[in-house]
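K.L.:
Before we start, here is the structure in question, set down as structure tokens.
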Amino acid sequence: MDRYQPLNIYRSNYFEPQTSEEECPLHIPDEYNEKYEKLEKLFNSFFNVDSYSLANDNSKNEREKLNNIDPSFIYGEVTFRSLAYIFEYIKNTNDITSGAFYDLGSGIGRGVLAAAFLFPFTKYVGIEYLETLYNTSLDVKKQYDENFLKIFE
């Protein structure tokens with residue numbers, strides 16, 4: 001038996017927010033969609049157009065240097081909209097209003113930043129093994145720290 005089989009099963013059954021709205025486990029009201037569109041535009045301003053390609057290439061190069069062939073280290077990105085759906089679902093189906101957000105394999109910090117935009121956690125933590133991705137996430141955090149509050153002035 002292939003030791004990565006559970007990962008393949010997971011990948012074939014996870015929630016994909018790109019599916020039609022009728023298939024989503026939660027309908028997000030139109031007023032929230034407007035809010036999320038504005039937040040998503042702001043979120044995207046923290047990443048340049050080539051950020052995915054660059055992070056993917058950096059991840060691949062560093063994994064090759066480390067001789068790391070484990071497929072769980074292959075770079076991928078979470079979308080802002082997918083986290084918006086997930087957090088809305090959590091808010092509407094649980095009595096959770098705060099807590100800590102941990103992103104294991106946080107890459108360049110997209111998930112952590114999206115969580116900071118979307119949910120009032122008390123702490124946001126990104127954990128990344130690959131140094132190049134971690135360093136990029138520090139740049140994103142610095143940009144957030146320096147500019148985020150200025151946006152609302």
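FYI, it's all coordinate maths here, none of it is from the lab. In this text, all values refer to a predicted model and were calculated from it rather than measured experimentally. Don't worry about glycine lacking a Cβ; one is built from the backbone with ideal geometry, like all the others, and counts go over all protein chains shown.
K.L.:
So for each of 65-71, 81-87, 127-133, 99-105 I average, over its residues, the number of other beta carbons within 10 Å; can you give me the resulting order with the highest mean first?
P.N.:
81-87, 127-133, 99-105, 65-71
K.L.:
To continue, here is another question. Per-residue HN-Hα couplings for the range 40-56, Karplus 6.51 cos²θ - 1.76 cosθ + 1.60 at θ = phi - 60°, whole Hz, x for Gly and Pro?
P.N.:
5, 4, 4, 4, 5, 5, 7, 10, 7, 4, 8, 4, 5, 4, 5, 5, 4
K.L.:
For the range 115-120, what does the Karplus curve 6.51 cos²θ - 1.76 cosθ + 1.60, with θ = phi - 60°, yield as ³J(HN,Hα) per residue in whole Hz, taken in order and with x for Gly and Pro?
P.N.:
Karplus values, whole Hz, x for Gly and Pro: 4, 5, 7, 10, 9, x.
K.L.:
Once label points are set 7 Å from the Cα along Cα→Cβ at both Gln143 and Lys41, what is their separation, rounded to one decimal in nm?
P.N.:
Here the answer is 1.8 nm between the modelled labels.
K.L.:
For every other residue with a beta carbon closer than 11 angstrom to the beta carbon of Ala115, add +1 if it is Lys or Arg and -1 if Asp or Glu, then tell me the sum.
P.N.:
With Lys, Arg at +1 and Asp, Glu at -1, the net is +1.
K.L.:
So how much slack lies between Glu77 and Leu104, counting 0.36 nm per residue of separation and subtracting their Cα-Cα distance, in nm?
P.N.:
Result: 8.5 nm gained on full extension.
K.L.:
When every alpha-carbon pair in the range 43-134 is counted, what percent end up more than 22 Å apart?
P.N.:
33 percent
K.L.:
Can you give the extra length, in nm with one decimal, that the chain gains between Asn92 and Leu66 once fully stretched, where that is 0.36 nm per residue apart less the Cα-Cα distance?
P.N.:
Net length gain for the segment: 5.1 nm.
K.L.:
Count charges around Asn135 for me, please; just the other residues with Cβ under 13 Å from its Cβ, Lys/Arg as +1, Asp/Glu as -1.
P.N.:
After counting each charged neighbour, the total is -2.
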